[in-house]
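S.K.: Pasting a structure below so you can have a look.
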Amino acid sequence: MISYNKFFIDNYHTYYKDIADKNLKAVQLISALGVIIGLPLSILSLFVEQFLKATEAYILLVVTSIILYLLSKTFLKTHKRLVPLAIYIVFAIIMATAIYMGTVTQPMMNAVTFFVFLVILPLFMIDIPIRMCIFMGFFCLIFCLTSRYVKIPYLASYDIVNAVIFYLLSIITSHQSNYLNLKQIMSNNILEIQRDTDKMTGLWNRGFCERKINTFLATQDSKGALLVVDVDNFKLVNDSNGHACGDKVLREVGAALKDSFRNSDIIGRLGGDEFLIFLPNCIDSEIIRHRVSHFLDIVSKIDTTSDEEIPHISASVGVSLFPEDGDNFKDLYKHADEALYLSKQSGKNQYAFYHLLA
């Protein structure tokens, strides 16, 4: 259990965004079920004496579920760190209601509803195992103490034994469910990375870059710079030394881009010998010049020597700024490409800003 818990904690923070998205859907499902189940029971409790004692608990469940559902559609979407807390709050209300129904309202009967929730509820959530065990264990303890207080010794003993058994069952099933859900998220991430990654260079591919950039451009008060890079004399390298050498050049250019720009920048290969870099929240010309110059310096040192002399490898760069040079990806790319064309026409191995051309 300790090694499993460590495995889960290590990966929990790595894949937290995906876990939060899955938990958010669980919040919506649980809150919808809370309304669907709680509303008829609330109405039924007004007319059936057997349910009368739990009217307040049913109403609390319905009201909480409605509030939680509304929060899941608004506030929690932008504050996903609070999603686990929201789930534990609704779990607490459901478990408290189940304890009340299984003890206070039915002191002469064995509890059933509490044990069902004890096993089923953890399956809706992905969380750190030890935290979930402590949470469910706390309500098991409350249930046992309440049962011991309100029920006759025989029924109380029966409930306590069942509580221990179902608590252990809950630990096993929730751990297995957590493990399978986490493995699925990890597998999905691997597939997404493979889908979005350029196999030659290890950079992002065109589709991923365009999606990420469009998402960033849609955020309020955003700004940034789009750089389009083209490797000079690349066709001649392929013709002189073959595709193996050309592939090596592309990989080294990709490595040079990673070395020259931030981890937070979007770096990708568009295809052939064309690359793209987007710098979020960076429109300072001096910073851009410094990074591009560093990149060009690294590229100029790429070794393509062989038995015969071939042209020198270099790169040309075109730069467009958001929002000055365009308010969408299509316009930014078009203008950066125009700046790139000018840098090539001016002798290659240099860069040009679109806003200085306009």
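S.K.: Of these, 125, 109, 136, which one is open to solvent by 50 Å² or more (accessible area, probe 1.4 Å) and in contact (Cβ under 8 Å) with a residue 24 or more places away in the chain?
M.R.: Of the residues listed, the single one that is open to solvent by 50 Å² or more (accessible area, probe 1.4 Å) and in contact (Cβ under 8 Å) with a residue 24 or more places away in the chain is 109.
S.K.: Another question, if that's okay. When region 87-98 is examined, which residues are found to be open to solvent by 10 Å² or more (accessible area, probe 1.4 Å) and either farther than 25 Å from residue 16 by Cα or touching a Leu at 6+ places or on another chain (Cβ under 8 Å) (or both)?
M.R.: Within region 87-98, 89, 93, 94, 96, 97 qualify.
S.K.: So residue 349 fits all but one of (1) outside any helix (DSSP H, G or I); (2) within 22 Å of residue 209 (Cβ to Cβ); (3) touching a residue at least 12 places away in the same chain (Cβ under 8 Å); what number is the exception?
M.R.: (2)
S.K.: Out of (1) under 22 Å from residue 139 (Cα atoms); (2) assigned to a helix (DSSP H, G or I); (3) open to solvent by less than 90 Å² (accessible area, probe 1.4 Å), the odd one out for residue 72 is which?
M.R.: It is condition (1) that residue 72 fails.
S.K.: Same structure again: Go through region 223-245 and report how many residues are under 23 Å from residue 261 (Cβ atoms) and open to solvent by less than 10 Å² (accessible area, probe 1.4 Å).
M.R.: Matching residues across region 223-245 total 8.
S.K.: Okay, moving on. In region 198-313, which helices (runs of 4 or more DSSP H) lie fully inside it and hold 1 or more residues that are charged (D, E, K, R) and within 33 Å of the chain's Cα centre (by Cα)?
M.R.: It comes to 206-217, 243-260, 285-300.
S.K.: Based on this model, can you work out whether residue 342 counts as of a type outside the set (Val, Ile, Thr) and either buried (at least 23 other Cβ atoms within 10 Å of the Cβ) or closer than 20 Å to residue 211 by Cα (or both)?
M.R.: No.
S.K.: Could you grab the pairs with beta carbons closer than 8 Å, sequence gap of 6+ or different chains, first residue in region 207-232 and at pLDDT 90 or above, second one open to solvent by 40 Å² or more (accessible area, probe 1.4 Å) and acidic (Asp, Glu)?
M.R.: 217/327; 228/337
S.K.: Any residue at all in region 317-337 that is in a helix (DSSP H, G or I), in contact with a strand residue (DSSP E or B) (Cβ under 7 Å, 6 or more places away or on another chain) and acidic (Asp, Glu)?
M.R.: yes
S.K.: Across region 10-51, what is the total count of residues that are surrounded by 14 or more Cβ atoms within 10 Å (Cβ to Cβ), hydrophobic (A, V, I, L, M, F, W, C) and at pLDDT below 80?
M.R.: So the count comes out to 3.
For every residue, the table says whether it meets (1) of a type outside the set (Val, Ile, Thr); (2) in a helix (DSSP H, G or I).
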{"residue": "111", "(1), (2)": "yes, no"}
{"residue": "119", "(1), (2)": "no, yes"}
{"residue": "127", "(1), (2)": "yes, no"}
{"residue": "137", "(1), (2)": "yes, yes"}
{"residue": "146", "(1), (2)": "no, yes"}
{"residue": "155", "(1), (2)": "yes, yes"}
{"residue": "160", "(1), (2)": "no, yes"}
{"residue": "167", "(1), (2)": "yes, yes"}
{"residue": "170", "(1), (2)": "yes, yes"}
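S.K.: So, one more: Mind counting the residues in region 155-195 that are under 30 Å from residue 208 (Cβ atoms), surrounded by fewer than 14 Cβ atoms within 10 Å (Cβ to Cβ) and either over 16 Å from the mean Cα position of the chain (by Cα) or free of Cβ contacts under 8 Å to residues at least 24 places away in the same chain (or both)?
M.R.: 10
S.K.: Within region 139-148, how many residues turn out to be touching a residue at least 12 places away in the same chain (Cβ under 8 Å), over 13 Å from residue 110 (Cβ atoms) and of a type outside the set (D, E, K, R)?
M.R.: Of the residues in that region, 5 qualify.
The values are calculated or read from the model by the stated rules, or taken from the named source; none is laboratory data. Note that this is a predicted model, so its numbers are computed, not measured. Please note: Cβ atoms are built from the backbone with ideal geometry, for glycine as well, and neighbour counts cover all protein chains shown. Just so you know, the surface numbers come from the protein's heavy atoms only, side chains and all, with ligands and any DNA or RNA stripped out. Shrake-Rupley method; radii C 1.70, N 1.55, O 1.52, S 1.80 Å.
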